[in-house]
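Down below is the structure, laid out as structure tokens.
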Amino acid sequence: MEKAPEVLSALKILDKFTSDQCCGKCISCREGTRQMQYLLSASDTPTPSGLDMHMITLLGNLIDHTARCGLGKSIARQVLAVLEGKSEAERVIEEYLPGPYQELLFFQIDPVLCKGCSKCARSCPTNAIHGVIKQPYVIEHDKCIKCGTCMMNCKFGAIAIKD
Ligand code: SF4
Ligand code: SF4
Ligand code: SF4
């Protein structure tokens, strides 16, 4: 049976990651992404069963919380977001920014992972991100309205939410 578009999109992200990008250092990332890939591929219905989706969500959240680098975290978030029909930023904000605690959290760019591509700065609605091309960019927290657009646009997993 043909798979649903969101399942095909999630598989595309996982196939690229497991074949080309995962360095394999973290067990949760290495094995978790493979297991997510298996659960999505093996299903003979357009979308995963409730139990499979539960397992996929557990695995994605496990990778998000234990992966050593932003790329692994970002892939897990992207896959769950696609399957849930949300943007990555929407999902992260729902999970990490519950009401009254929102004020205590902030978005931060990891200077090691940042490639200085400027995409986040160009997408920020409040011009809160500054930098020079090919050097790490920085978020001006006073201007940040915590919309998550920068995180959604960074292809390098360089932007994370910190408390
Ligand atoms: S989380 Fe990063 S460091 Fe860990 S296995 Fe995945 S790609 Fe490698
Ligand atoms: S989009 Fe990501 S890699 Fe590009 S400048 Fe912003 S944080 Fe750095
Ligand atoms: S979260 Fe939104 S407002 Fe804050 S730096 Fe990112 S894009 Fe700009």
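Please count how many residues of segment 110-126 are aliphatic (A, V, I, L, M) and at pLDDT 95 or above.
Going through segment 110-126, the residues aliphatic (A, V, I, L, M) turn out to be 112-113, 121.
This time we only want the ones that are at pLDDT 95 or above, so: 121.
Count: 1.
For segment 105-128, which positions are assigned to a loop (DSSP other than H, G, I, E, B) and not small (Gly, Ala, Ser)?
Those that are assigned to a loop (DSSP other than H, G, I, E, B) and not small (Gly, Ala, Ser): Leu105, Asp110, Pro111, Val112, Leu113, Cys114, Lys115, Cys117, Cys124, Pro125, Thr126, Asn127.
Here are some conditions: (1) surrounded by fewer than 12 Cβ atoms within 10 Å (Cβ to Cβ); (2) in contact with a helix residue (DSSP H, G or I) (Cβ under 7 Å, 6 or more places away or on another chain); (3) not in a loop (DSSP other than H, G, I, E, B). Asp20 meets all but one. Which one does it not meet?
Single failed check for Asp20: (2).
Please work out which residue is nearest to Asp64 (Cα to Cα), limiting yourself to segment 113-163 and to residues that are in contact (Cβ under 8 Å) with a residue 40 or more places away in the chain, out of contact with any strand residue (DSSP E or B) (no Cβ under 7 Å at 6 or more places or on another chain) and more than 10 Å from ligand 3 (Cβ to nearest atom).
Gly157
Here is a list of conditions, (1) surrounded by 18 or more Cβ atoms within 10 Å (Cβ to Cβ); (2) under 20 Å from the mean Cα position of the chain (by Cα); (3) farther than 22 Å from Lys86 by Cα, and Ala128 meets all of them except one; can you say which number that is?
Among (1) surrounded by 18 or more Cβ atoms within 10 Å (Cβ to Cβ); (2) under 20 Å from the mean Cα position of the chain (by Cα); (3) farther than 22 Å from Lys86 by Cα, Ala128 violates only (2).
Would you mention how many residues in segment 134-154 are under 18 Å from Arg91 (Cα atoms) and exposed (fewer than 13 other Cβ atoms within 10 Å of the Cβ)? Full working, then the answer.
Of segment 134-154, the ones under 18 Å from Arg91 (Cα atoms) are 145-154.
Subset that is exposed (fewer than 13 other Cβ atoms within 10 Å of the Cβ): 145.
Total satisfying the criteria: 1.
The values are calculated or read from the model by the stated rules, or taken from the named source; none is laboratory data. Keep in mind it's a predicted model, so treat the numbers as computed, not measured. With ideal geometry, Cβ positions are generated from the backbone for all residues, glycine too; neighbour counts draw on all protein chains shown.
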